[in-house]
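The values are calculated or read from the model by the stated rules, or taken from the named source; none is laboratory data. None of these values were measured; they are calculated from a predicted model. Heads up, the Cβs are rebuilt from the backbone with ideal geometry, glycines too, and the neighbour counts pull from every protein chain shown.
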Amino acid sequence: MKIVVCVKQVPEIAEVKVNPETGTLVREGVASILNPFCEYALDHAVRIKSVRADVTILAVSMGPPQARAALMRCLELGADEALLLCDRKFAGSDTWATSLTLAAAIKEAAADFDLILMGKQAIDGDTAQVGPEVAEILGIPQITYTVDMEISSNGKRLSTRRECESGSEVVTVRMPVLVSALKGEMLRRLPSFAEILAARSKPLRTMNADALSLEESELGLQGSFTQVVKVFPPSARKSGQRVEGLEAVDAARVMIEFLRAERFV
Amino acid sequence: MHEIHTKTCTGVPVEAVKCISGFGEISTDYATYLTDESKYPGGKAEKLFFPRDESELSAVLKKMASSVTPVTVAGARTGLVGGCVPLRGALVSLELMNQINQVYYDECSEEWRVRAQCAVSLSELNRCILSKNFAGIEKHGTEEITAQLARFRKEPYNYFYPPDPTELSASLGGTVATNASGARTYRYGATRNWVRRIRVMLPNGEFLDIPRGKYFASPAGEFIIYDSTGTPVHIRTPSYRLPATKNAAGIFTGPNMDLIDLFIGSEGILGTVTAIDVALLKREEKISVIQFVASDEKALDLVEALRNQKAIPLDFLELYSEEAVKLLRGRQKKDPKAVGMPPIPDHVGAAVFFEFSFQSDSNSMDYSAVVDAVGRCGTDVRNSWAAYEPRELDRFKTFRHILPETVNGIIAERKKQHPGLHKLGTDLAVPDNHLREMWRIYTKKLHAAGMEWLAFGHVGDNHVHVNILPRDTDELEQGLELYHELAFEAVRLGGTVSAEHGIGKIKTPYLKVMFTADQIRQMRDIKHTLDPVGILNPGDMFEVAS
């Protein structure tokens, strides 16, 4: 059984800072990490592998050469092999071009996949589009916002629990299928030193645009329907006012005056 | 050269210094200034000064000296022995002296250095060094100084300041005054090793500018300090030998010692460090490993095996005793997310936590020395947690804090029934060859007494923090007696009563365990020579006569 986990390397940012002059993200001093949602997706794959001996996990990422580090992290956490899609022609891809490229790579490297796992979204772009788009391009079912999953004993069906607005749903589907994952109940793994060392001997291949059955016009900026025109920080919110040191009645009076003055009441 | 002249500051009136007067106002609006991290009670001060620079500090000290008013000097108040808790008189908080002045390359020693005022916090210092972003220097630096900063920024490497006391909100001056150390002292030594120059204000309001490597004790063990009137003050360096361990007890001494070392670690009783030049080191990628082992004995085996292998120098080497691991596992079972780590396996006894240089993007490095050392101790590296990404290393840092936090939580709970209760944490260290013997003493005495206890910390430096958790006040009394006995044993084995916390006000009785009356008199003589009236930090290191 083959599980493909698509992952992305993202900047570790608690607070996005934008250079006001260039309109680009400030990346100095910001480390790169495996996108947390991708780590959750991988964790689901590793959990499946822990109960099924026949599972192999392929981690796939599209990115610059330094994205190898995110794939290395996957290998440390339990992936068996990794594939980096790396080519200048991929630069500037929007979610559509990214999905097209990933789908083509999966067809090339793991056409016999049973399950594709992705994080719900990346914490930098926040689009949550790539998973559903890859499923559409590959013509397979998709289950999004999944928090738990289990493969049937015959290895043909996947039973999942997904979050929805009203609570959660249990959805069972025939594989192959694409699932996008949330954290669920997982406790983040920590590899052992042995696993960190072993990861460095696992296969980590690189694939470029020539290996994919796509036209150059379908790749990168050329193949993108959308472009980021401008990035800007949200305007800073004013901090609230505190009413302190007054009796409750007087404090309420101050607050009512404020609400009136601001025309809230 | 063993003779040095003091320098004077520009005169400013003491009235120009920000000051809060009256114990009433200080204890109401500035109560946090009357204690420190040790929670030592009874802090009292009639005046609280906030000098902005050396001139203002000098004015305060001169005024206090003339009125024979005791002065307690406080940095960030992160000490654990009550060093900056004032007993009476005036309290001086140095917090406004918090500028980083310069980053420069010293051609002779071929190292980058930072010059900073005493109240710069270690976290701020490290943040600026790592980001190479020194807003203060850019704003106020001269053309030459900003050019040096530009050169630093062009450096292809990242740098760091190696001393790493766990409490990063500590002030740089405070860490110099106490010769602060921490986990990474195992590799890099204590603060002393990284201080290249200090400016130290003497109790008379005049200061010394002491670069390392210029003023050494005469063959007779003497320094002469001339004040601004040309009057010489003779300082005799103590004749005792300090233990061959990490040590924070007593005044530093040694043959042909450097004057700078007299003040570093003297807990502020001889003078106030106002500015410091520290050396930086190139930053390397590191990996932290928490290696699980079957028992405390196996943990000690691993400590020795890791120390004996020389191929891979370790930055730190720490212990989690069996009881410590049990406590953490218990906490995890109650709340799996509390510890922020995967479940500690049930078969795990103790753990050894260590760190070394690592290249994450290369598989050509040879780590077999570590793998083999672990293998010789009845386990293997599959039975471990490891991390090298900053985000993951932060998880380890949090994990490190959770143990003392859990201990404090237990004591806080018990305090509800026994208000006077507190934990007893040892700070003893012994030489390398006595680690096992000291461990046997801990286990024998504490088990015999039926005390609840655990141990963690800097086992690489034979400096394990044994935490005794008394269940009631009787056990607290018993624990205090045991503490004393353990201190005697550590000293008997050639160790120290305080490896890193210092003496301050809380541990003055232990100084007598480690030093003879004559040796303490030698320390007091130095204090008396520089501070004849005894106005500076009374009660620190030596008890004050009541």
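Descriptive notes on the structure:
- Residues located in segment B:510-529, provided they are out of contact with any strand residue (DSSP E or B) (no Cβ under 7 Å at 6 or more places or on another chain) and more than 17 Å from B:Asn247 (Cβ to Cβ): B:Ala517, B:Asp518, B:Arg521, B:Arg524, B:Lys527, B:His528
- Of all residues in segment B:58-73, those that are of a type in the set (Gly, Ala, Ser) and closer than 25 Å to B:Val176 by Cβ total 3.
- Residues that are among the small types (Gly, Ala, Ser) and either in a helix (DSSP H, G or I) or more than 14 Å from chain A (Cβ to nearest Cβ) (or both) do occur in segment B:327-338.
- Within segment B:193-236, considering residues that are of a type in the set (S, T, N, Q) and touching a residue at least 60 places away in the same chain (Cβ under 8 Å), the one surrounded by the fewest Cβ atoms within 10 Å (Cβ to Cβ): B:Ser228
- Hits in segment A:174-217 (condition: facing chain B (nearest Cβ under 10 Å) and of a type in the set (Ser, Thr, Tyr)): A:Ser192, A:Ser201
- Within segment B:15-45, considering residues that are within 17 Å of B:Gly89 (Cα to Cα) and aliphatic (A, V, I, L, M), the one surrounded by the fewest Cβ atoms within 10 Å (Cβ to Cβ): B:Ala31
- The lone criterion from (1) more than 30 Å from B:Pro238 (Cβ to Cβ); (2) in contact with a helix residue (DSSP H, G or I) (Cβ under 8 Å, 6 or more places away or on another chain); (3) assigned to a helix (DSSP H, G or I); (4) away from chain A (no Cβ under 14 Å) left unmet by B:Asp261 is number (1).
- Condition check for B:Asp346: of a type in the set (Asp, Glu), within 12 Å of another protein chain (Cβ to nearest Cβ) and surrounded by fewer than 14 Cβ atoms within 10 Å (Cβ to Cβ): no
- Some residue of segment A:253-262 being surrounded by 13 or more Cβ atoms within 10 Å (Cβ to Cβ) and among the aromatic types (Phe, Trp, Tyr): yes
- Strands (runs of 3 or more DSSP E) contained in segment B:184-238 and holding at least 1 residues touching a His at 6+ places or on another chain (Cβ under 8 Å) and modelled with pLDDT of 95 or more: B:222-226
- Test: residue in segment A:185-197 that is loosely packed, with under 12 Cβ neighbours inside 10 Å and either part of a helix (DSSP H, G or I) or polar (S, T, N, Q) (or both): no
- Residues that are assigned to a helix (DSSP H, G or I) and more than 27 Å from the chain's Cα centre (by Cα), drawn from segment B:150-183: B:Ala150, B:Arg151, B:Phe152, B:Arg153, B:Lys154
- Considering A:Thr101, A:Thr95, A:Thr56, the condition of being hydroxyl-bearing (Ser, Thr, Tyr), more than 14 Å from chain B (Cβ to nearest Cβ) and surrounded by 24 or more Cβ atoms within 10 Å (Cβ to Cβ) is satisfied by A:Thr101 alone.
- Taken over segment B:43-73, the criterion of being over 24 Å from B:Thr8 (Cβ atoms) and in a strand (DSSP E or B) is satisfied by B:Leu48 alone.
Yes/no matrix, rows are residues, columns are (1) polar (S, T, N, Q); (2) under 30 Å from A:Glu150 (Cβ atoms):
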residue	(1), (2)
A:Thr172	yes, yes
A:Thr206	yes, no
A:Glu215	no, no
A:Met255	no, no
A:Glu262	no, no
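- Boolean, A:Val177 is among the hydrophobic types (A, V, I, L, M, F, W, C), crowded, with 19+ Cβ neighbours inside 10 Å, under 15 Å from the mean Cα position of the chain (by Cα) and over 30 Å from A:Lys17 (Cβ atoms): no
- The residue that is surrounded by the most Cβ atoms within 10 Å (Cβ to Cβ), counting only those in segment B:360-379 that are under 14 Å from B:Ile312 (Cβ atoms), at the interface with chain A (Cβ under 10 Å from one of its Cβ atoms) and not aliphatic (A, V, I, L, M), is B:Tyr367.
- Residue match in segment A:136-147 (condition: surrounded by fewer than 19 Cβ atoms within 10 Å (Cβ to Cβ) and under 29 Å from B:Tyr388 (Cα atoms)): yes
- In segment B:380-402, of all residues being in contact with a helix residue (DSSP H, G or I) (Cβ under 6 Å, 6 or more places away or on another chain) and touching a residue at least 40 places away in the same chain (Cβ under 8 Å), the one that is farthest from the other protein chains (Cβ to nearest Cβ) corresponds to B:Ala387.
- Any hit, segment A:71-78, residues being more than 25 Å from A:Lys17 (Cβ to Cβ) and touching a Cys at 6+ places or on another chain (Cβ under 6 Å): no
- With respect to the conditions (1) surrounded by 18 or more Cβ atoms within 10 Å (Cβ to Cβ); (2) in a helix (DSSP H, G or I), B:Ala147 lacks only one, and its number is (1).
- Residue match in segment B:425-447 (condition: surrounded by fewer than 17 Cβ atoms within 10 Å (Cβ to Cβ), closer than 21 Å to B:Val513 by Cβ and aliphatic (A, V, I, L, M)): no
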